[in-house]
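The next block holds one structure in the form of structure tokens; read it before the comments.
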Amino acid sequence: MKCDMDLIRELMLEIEEMPLGAVYETDASSIKRGRDLLAGHLQLLHQAGFVAGFACERDGNALCSGITWQGHQFLNAARSDDVWSQAKTTLRKSGLAVSVDVLTSLLSKIAADMLGLKGDR
């Protein structure tokens, strides 16, 4: 399975909408991308430290209990459609595949530039 960062972002935005104390289930997701793909990407989010309380049931349904602080930091950087689109364009033009840390830095830099912030961040 290839990591699809658009799906990662989409999952994070959906998980964020859960009420406090609720459990997110891939089987109840509004994202129509296939059960195994959703479960695999939810597992990647857990491995990255972006979601807490990950479990995978025998039937393939995957669960998590919410977004971690680190996950919120990524989501805040990735939330804007304009920032996300610019980052994807930049990466596509470069031809590079980058880590989540580099992607988060790029998203933060684009947002800072949009805000007119200059210098060290």
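Values in this text are rule-based calculations from the coordinates and carry no lab data. These figures come from a predicted structure and were not determined experimentally. Note that each Cβ is placed from the backbone with ideal geometry, even for glycine, and that neighbours are counted across all protein chains shown.
Assorted remarks:
- Within the listed set THR26, THR89, THR68, the Gaussian network model of the chain (springs between alpha-carbon atoms below 10 Å) gives the highest mean-square fluctuation for THR89.
- The stretch 1-42: C-alpha gyration tensor shape, a/c 1.5 cut-off, then a/b vs b/c: prolate
- Of interest is the spacing of the C-alpha centroids, which for the stretch 11-27 and the stretch 45-100 amounts to 13 Å.
- Degrees between helix 5-16 axis and first principal axis of the chain (Cα, 0 to 90, nearest 10): 60 degrees
- Residue exposure sequence - ASP4, ASP81 - by fewest surrounding Cβ within 10 Å: ASP81, ASP4
- Site pair ASP81 and GLU14 shows an inter-label distance of 1.8 nm when each label is modelled 7 Å from Cα along Cα→Cβ.
- Shape analysis of the stretch 1-118 places it in the prolate category; the axes a ≥ b ≥ c from the Cα gyration tensor give an a/c of at least 1.5, with a/b above b/c.
- Shape call, the stretch 5-68: gyration tensor on alpha carbons, a/c limit 1.5: rounded
- Relative to the longest principal axis of the Cα atoms of the chain, the long axis of helix 81-94 lies at roughly 70 degrees.
- In the chain, the longest principal axis of the Cα atoms and the axis of helix 69-78 are about 50 degrees apart.
- Gaussian network model of the chain, springs between alpha carbon atoms under 10 Å - residue of SER85, SER30, SER105 with greatest fluctuation: SER30
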